Structure formats: C-alpha cells, structure tokens
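All remarks here apply to the structure that follows.
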Amino acid sequence: MKTVLLIALIAVVTCEPPSPNHIRFPPQPIRRRPQPVHRRPQPLQRTPLGGGFQVQPRFPSRPRPAPQQISSGVSVDATLGRSEYYFSWRHDGGRKYTGTEAARVCTSLGRGWQPIGISSREEIAFVISVVGGDRVEYIWTGGVRSGSGFTWLNGEPFTVDNWSHTGGLGRPQPDNRENGNENCLSVLNNIYNDGILWHDVACHHLKPVICERHI
C-alpha cells in the first residue's frame with residue numbers, strides 16, 4: 001500500500017506546472033535606433049569654357065543691380081566721364097517712339113536731359129556695348145539733319161562718326177533714301193548684317209532712345 005501511495009505522489013509532482021521563476025523565454029532582439037545618414041555634398045558642376053572650366057552656381061544668379069538714383073529722382077542706368085545715361089527700354093516696358101516723341105521722353109526727365117549726342121570714340125564704343133548687351137534692335141540718338149550733314153540736339157560737336165557701309169539700298173550711310181526724309185540718326189543692331197552702326201532714318205519710325213545729361 002505504501003508503495004502505491006509513493007508512486008502516486010511522484011506522478012502528481014511530475015505533472016505540476018513549473019514555477020514562473022523557472023520559465024525561460026527565447027531571447028528578444030535588441031532594437032537599435034537608426035543612425036542618421038550623412039550625405040556628402042554634391043560637387044559643383046563644371047562645363048568647359050575656352051580650354052578651362054567655368055563653375056556653374058547651384059543657386060539662381062543675382063538680379064541686375066538697381067539703377068543709380070540721383071537727386072532729381074531719375075534712375076540713371078550708366079555714367080561715362082561727365083555724362084549720365086538713361087535707357088528708355090529699361091523703364092517703360094520696351095515702348096517705342098518716333099524721333100520727336102523720343103526727344104520729349106528725354107526732356108521730360110528734367111533739366112539738361114536730351115537724346116544722346118555721341119562725340120568721342122569712347123562714347124561710340126559705350127553705345128555699341130549697351131545696344132549689343134541689352135539686345136535691342138535699334139535706338140534713337142539726338143542726331144538730326146542740318147543742311148548736308150548732321151548735328152546733335154544737345155549741342156555737342158559732331159566730330160566723330162560711325163556710319164554703316166550699307167543700308168536698304170546697299171549704299172553707304174547716310175543715303176537719305178526714304179523720299180529724302182531720313183532726318184534722324186539711329187543706331188541699328190546688325191539689321192543689314194553690318195554690325196552695330198549708324199544709319200540715317202526717317203523720323204516717323206518707332207524706336208527706343210538713349211537719353212544723356214552732362215553733370
């Protein structure tokens with residue numbers, strides 16, 4: 001009988017569930033915080049330029065500096081020597097004027113302003129750089145016919161010229177070809193495949209203008 005009870009007790013102990021303190025759970029994976037990704041800065045793009053390289057900025061180019069302000073309130077676009085200049089197309093949305101209207105645009109700026117008079121080789125080069133740089137087709141100057149020649153409205157001496165060798169009829173300028181009424185002086189931007197040069201033009205045509213004031 002004792003033997004039977006002993007076997008029964010052993011069976012009960014064997015079937016009893018284990019204590020929680022003796023349970024072994026499988027190991028849990030360690031969760032690590034993701035490390036930040038460090039990106040290397042992108043190099044500046046380079047494009048060939050005349051055998052070297054030109055650095056291309058990654059940011060938009062800066063806008064053109066605002067014109068200089070003078071006491072009269074007129075925005076001056078450039079200066080050369082003792083002259084200030086105003087380029088009409090930069091201020092009026094590219095409007096065009098007859099020769100007479102262009103003169104009024106300049107005089108309306110205030111005392112001393114007139115359509116440009118070109119009286120030196122340096123000023124000729126300056127006008128060429130402005131017309132070419134701004135890619136305007138043509139501009140009025142203050143040159144008007146006087147007898148068989150031309151004069152400047154602002155009184156500067158007409159001592160230099162830069163006339164084209166061709167025109168609408170293929171003749172050297174000035175040729176006064178439009179019914180003898182080409183009484184205004186214009187600078188044309190390669191209209192006749194001749195470069196940026198002077199032409200006599202009838203004053204009813206429409207063009208922007210460069211104004212000038214001596215200081």
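The values are calculated or read from the model by the stated rules, or taken from the named source; none is laboratory data. It should be emphasised that the depicted structure is a prediction, and the values quoted were computed from it without experimental measurement. Neighbour counts are summed over all protein chains in view; Cβ atoms, including those assigned to glycine, are modelled from backbone coordinates with ideal geometry. Surface areas here come from the heavy atoms of the whole protein model, side chains and all, with no ligands, DNA or RNA. Shrake-Rupley method; radii C 1.70, N 1.55, O 1.52, S 1.80 Å.
Summary of values
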read-out	value
Of residues in the stretch 191-209 being touching a helix residue (DSSP H, G or I) at 6+ places or on another chain (Cβ under 9 Å) and in a loop (DSSP other than H, G, I, E, B), the one most open to solvent (accessible area, probe 1.4 Å)	His204
The stretch 134-149 - residue that is part of a loop (DSSP other than H, G, I, E, B) and out of contact with any Phe, Trp or Tyr (no Cβ under 8 Å at 6 or more places or on another chain) and, of those, least open to solvent (accessible area, probe 1.4 Å)	Gly147
Val131, sole failed condition from (1) open to solvent by 20 Å² or more (accessible area, probe 1.4 Å); (2) β-branched (Val, Ile, Thr); (3) touching a residue at least 40 places away in the same chain (Cβ under 8 Å)	(1)
Close pairs (9 angstrom Cβ cut-off, 6 or more residues apart or separate chains): closer than 12 Å to Trp198 by Cβ and without any contact (Cβ under 8 Å) to a residue 40 or more places away in the chain in the stretch 138-152, part of a loop (DSSP other than H, G, I, E, B) and among the basic types (Lys, Arg) anywhere	none
Only listed residue being hydroxyl-bearing (Ser, Thr, Tyr), open to solvent by 30 Å² or more (accessible area, probe 1.4 Å) and in contact with a Phe, Trp or Tyr (Cβ under 9 Å, 6 or more places away or on another chain), chosen from Ser119, Ser186, Ser108, Ser164	Ser119
Qualifying residue in the stretch 150-157 (condition: assigned to a strand (DSSP E or B) and closer than 17 Å to Ile210 by Cα)	yes
